[in-house]
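Input: a single structure, listed below in structure tokens.
The values are calculated or read from the model by the stated rules, or taken from the named source; none is laboratory data. Just so you know, these numbers come straight off a predicted model, no measurement behind them. Positions of Cβ are generated from backbone atoms using ideal geometry, with glycine treated the same way; all protein chains shown enter the neighbour counts. Ligands, DNA and RNA are stripped out before the accessible areas are found, and what is left, the full protein with its side chains, is counted by its heavy atoms. Shrake-Rupley method; radii C 1.70, N 1.55, O 1.52, S 1.80 Å.
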Amino acid sequence: MSKEIKVKIDKEKCKSCGFCVLYCAKGILFTGKKNNAKGFFYIEFDDKLNKCNSCAICALMCPEAAIEVFKEDKK
Amino acid sequence: MNKNKRLISGNEAIAEAAIMAGCRFYAGYPITPQNQIPEYMSWRMPEVNGVFLQAESELAAINMVFGASLTGTRAMTSSSSPGISLKQEGISYMAGCELPGVIVNIQRGGPGLGNIQGSQADYFQATKGGGHGDYRMPVLAPSTIPEAAELMMAAFDYADFYRTPVLLLSDGILGQMMEAVEFKEYKPIKKLVKKDWILDGARNRVPRSIFSLMTAPGALEKHNWKLLEKFSKMEKEVLSETYLAEDAEILVCAYGIMGRIGKAAIQMARKEGIKAGLFRPITLWPFDSKTASLYGSKAKKVLVVEQNLGQMVEDIKLAVEDSKKVFFHGRPGGGVASKEDLFEKIKELIK
Amino acid sequence: MKPVYLKPESLKDVVTSYCPGCGHGLVHRLIAEVIDELKVREKTIGIAPVGCAVYAYDYFNFDVAEAPHGRPPAVATAIKRCLPDRIVFTYQGDGDLASIGTNEIIHAANRGENITVIFINNANYGMTGGQMAPTTLPGMRTTTTQKGRDSKLHGFPLRVSELLATLEGTVYIERVSLIDPANVIKTKKAIKKAFSNQLTGTGFSFVEVLSPCPVNWGLKPLEALKFVKDQMIPYFKLGILKDKTEEMKKEKGA
């Protein structure tokens with residue numbers, strides 16, 4: 001598991017539309033069980049197996065600009 | 001020969017005065033009897049690197065003025081009565097957004113399409129709102145062409161100073177007739193400050209926005225109270241003319257072209273020994289109730305003369321203590337009372 | 001860690017008032033990305049419509065004016081004529097642009113104003129609660145067509161892009177959608193072209209975005225994407241309806 005998070009989701013902006021979940025090829029985004037201030041069960045990123053390749057499709061599909069994506073520096 | 005003196009129509013004088021006052025944007029739509037304004041602007045604006053646009057509608061024209069104004073450009077539109085009805089949308093939005101701009105109404109007969117004769121039937125529309133919402137707008141009413149030119153320049157200063165739409169309310173007679181006008185050099189009548197609210201791209205500053213929708217609880221009420229404060233300041237800008245009013249036993253109240261005809265009738269009456277005088281409001285809003293009250297209350301009779309079925313008469317009745325002595329003489333639908341008609345009316349009332 | 005995607009500078013760091021899965025937020029973000037990429041944030045003036053996007057000035061991090069309903073093209077015309085070196089765009093919904101503002105959009109297009117228009121087509125009046133729009137599909141239920149839009153009573157959905165493409169004054173017109181990542185990328189490309197054309201003085205550029213409105217359609221966000229794909233796209237065909245960009249560039253010597 002990578003030490004740093006590649007997909008950062010601003011949970012207060014997330015409205016749980018699920019566009020990112022639908023189009024994530026790795027299946028590592030899911031609707032969480034906790035809700036934000038607006039009452040939405042915001043999307044969470046869980047990449048235990050380090051599948052994320054930082055393709056940023058999730059950010060591309062996000063209507064709320066709630067997702068920022070990072071990738072590991074090449075060593 | 002004075003090269004600034006020109007024989008010019010009212011409409012063209014208004015257009016040239018606007019250019020002299022620094023107006024650099026005009027949008028309008030053809031309607032009689034004001035067509036000389038867009039026609040003049042169509043060749044004159046490019047000469048001063050300004051923008052002339054023949055809009056697809058009155059709605060588009062006033063909204064173009066809205067757009068030009070928010071860039072800080074001095075902007076105007078003109079029309080005649082039916083077209084001014086259409087412009088009310090934009091005027092209300094400009095009042096709400098606090099955008100300066102000048103609207104010229106060369107009034108014609110109404111209601112509906114009416115006719116193309118001069119008229120004063122839009123007094124209510126001009127002074128009591130016109131568009132929706134709680135707003136006030138300065139209304140300037142010239143009675144001669146030189147005065148129209150002077151007021152047109154002042155209109156831009158009021159507009160910028162108070163960040164408000166300003167209406168020049170004239171009529172088809174004044175628009176079409178010609179007079180010798182000595183154009184005075186434009187000098188601002190108000191101290192004008194740099195417009196620090198315009199939208200020109202947020203370069204080295206925080207982004208700005210201009211809007212009139214305020215749905216947050218209490219936001220609109222707060223905005224309305226703020227506007228009232230401004231309207232109260234604007235109320236001090238009253239202008240009026242009196243003529244032989246000091247000892248007048250009969251006070252004629254008339255504005256615009258009727259003020260001019262009224263003056264001629266008063267001269268006829270004075271020759272006959274009748275103590276007649278004139279009160280002529282120049283700003284219709286704010287209305288000079290104080291002066292109307294002063295001379296109207298002193299006079300035995302007050303005669304309100306308008307080119308309509310009786311509109312300003314209501315403001316005179318509010319200003320004069322004893323409204324029973326206020327009489328009205330008007331001709332609607334393009335009819336014009338002559339100085340002889342008014343003289344007869346004065347004689348009848350003073351008997 | 002290196003950033004791959006960061007929130008664009010041209011968007012404010014706020015939560016929007018849009019419903020979950022609404023296309024407005026997505027298109028806002030794409031516009032903001034394009035403005036960042038073209039480095040024109042400090043000279044852009046946007047015109048917000050009346051409709052759900054009326055609060056666009058709360059979301060965009062550049063100058064924005066709110067125009068009366070349907071009038072953004074008239075307002076934008078005047079701004080661009082007064083400040084020709086600024087980037088001026090209107091952002092309008094289908095009620096604003098295709099109904100109350102048809103006159104303004106047709107004439108701004110016909111004059112060939114050097115502005116960019118982003119047109120959001122979601123087949124209904126969103127802000128007022130989902131009434132029939134000129135773009136509502138035949139048979140589609142809205143609060144004013146409760147048994148479905150009957151074309152005999154209400155006419156047919158208006159294809160604004162096709163209409164504007166017939167005008168001499170228009171340069172670039174494309175209809176796009178947001179149904180999947182490939183189409184979102186296409187939409188961004190179209191928006192970028194529409195803004196770039198303004199920079200080169202090429203002329204009137206128009207992008208129509210078929211946009212989901214899940215709440216008023218009574219659908220879940222993902223179902224709404226499917227509705228756009230299965231119901232809207234067959235009627236409102238995607239693609240470039242007109243492109244005189246290269247021709248105009250040559251003419252301008254750009």
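As a length-normalised measure over Cα pairs under 8 Å and 6 or more apart, the relative contact order of chain B settles at 17 percent. Membrane-span-like helices in chain C, defined purely by DSSP H runs whose alpha carbon atoms cover 20 Å or more axially and whose average Kyte-Doolittle hydropathy reaches -0.5, are C:23-37, C:181-199. Taking the centroid of alpha carbons for each part, the stretch B:131-172 and the stretch A:14-39 are 57 Å apart. Buried area at the C:A interface is about 2600 square angstrom, summed over both chains, from accessible surfaces computed with a 1.4 angstrom probe. The DSSP beta bridges internal to the stretch C:144-243 are antiparallel in roughly 35% of cases. When only the Cβ of Lys, Arg, Asp and Glu is charged (+1, +1, -1, -1), the dipole of chain B relative to its Cα centre reaches about 660 debye. A compact globular protein would have a Cα radius of gyration near 2.2 N^0.38 Å; the ratio found for the protein assembly as shown is 1.13.
Quick one: work out the % antiparallel among DSSP beta bridges in the protein assembly as shown, nearest 5. Restricted to the protein assembly as shown, the bridges split so that about 35 percent are antiparallel. How many angstrom lie between the Cα centre of the stretch C:118-190 and the Cα centre of the stretch C:61-116? Cα centroid to Cα centroid, the span is 18 Å.
Given N residues in chain C, what is Rg(Cα) / (2.2 N^0.38 Å)?
Numbers: Rg = 17.2 Å, N = 254, 2.2 N^0.38 = 18.0 Å.
Compactness ratio reported: 0.95.
Taken per residue, the accessible surface of chain B reaches 41 Å², heavy atoms only and a 1.4 Å probe.
Using a/c under 1.5 as the rounded threshold, could you call the stretch B:38-84 rounded, prolate or oblate? The axes a ≥ b ≥ c are square roots of the C-alpha gyration tensor eigenvalues, and prolate needs a/b larger than b/c, oblate otherwise. Here the stretch B:38-84 falls in the oblate category.
Could you pull out the trypsin sites (Lys or Arg not before Pro) across the stretch C:1-47 that fall in loop regions by DSSP (anything but H, G, I, E, B) with no more than 13 other Cβ atoms inside 10 Å? Here the sparse-neighbourhood loop sites are C:K39. Dividing the summed helix terms, -39500 (n - 2.57) for each DSSP H run of n ≥ 4, by the number of residues in chain C produces a 222 nm estimate of -9500 deg cm²/dmol to the nearest 500.
Quantify, in whole percent, the carbon and sulfur part of the accessible surface of chain A (1.4 Å probe; protein heavy atoms only).
Carbon with sulfur: 54 percent of the solvent-accessible area.
Basic side chains Lys and Arg get +1 at the Cβ, acidic Asp and Glu get -1 at the Cβ, and with that the dipole of the protein assembly as shown about its Cα centre reaches some 1520 debye. The Cα-based radius of gyration and maximum Cα-Cα distance (Dmax) for chain A are 12.0, 41 Å.
Diagonalising the gyration tensor over the Cα atoms of chain B and scaling each eigenvalue by 5 before taking the square root yields semi-axes of 35, 23, 18 Å, largest first. Quick check: Cα centre of the stretch A:40-75 to Cα centre of the stretch B:1-76, how many Å? Between the Cα centre of the stretch A:40-75 and that of the stretch B:1-76, the gap is 56 Å. Accessible area buried by the pairing of B and C, both sides summed with a 1.4 Å probe, works out to roughly 2600 Å².
For the residue pair B:K5 and C:N110, what label-to-label distance in nm results when each label sits 7 Å from Cα along the Cα-to-beta-carbon direction? Distance between label points: 4.7 nm. Here's the picture: charge each Lys and Arg Cβ at +1 and each Asp and Glu Cβ at -1 in the protein assembly as shown, and of C:T128, C:I31, B:G50 the one pushed furthest to the positive end of that dipole is C:I31.
In this structure C:S161 has an accessible area near 0 Å², from a 1.4 Å probe over the protein heavy atoms. For the stretch C:23-252, the solvent-accessible area of protein heavy atoms averages 35 Å² per residue (probe radius 1.4 Å; ligands and nucleic acids excluded).
The alpha-carbon of C:K7 sits under 19 angstrom from the alpha-carbons of these lysines, leaving out residues fewer than 8 places away in its chain: A:K6, A:K8, A:K11, A:K13, A:K15, A:K71, C:K39, C:K188, C:K189, C:K192.
According to the square roots a ≥ b ≥ c of the eigenvalues of the Cα gyration tensor, what is the shape class of the stretch B:240-350, taking rounded for a/c under 1.5, prolate for a/b larger than b/c otherwise, and oblate for the remainder? Please report the intermediate quantities before stating the final value.
Numbers: a/c = 1.42, a/b = 1.06, b/c = 1.34.
It is rounded, given that a/c, with a ≥ b ≥ c, falls under 1.5.
DSSP beta bridges confined to chain B are antiparallel in about 25 percent of cases. Placing dummy labels 7 Å off each Cα toward the beta-carbon, the span from C:K226 to B:K190 is 6.0 nm.
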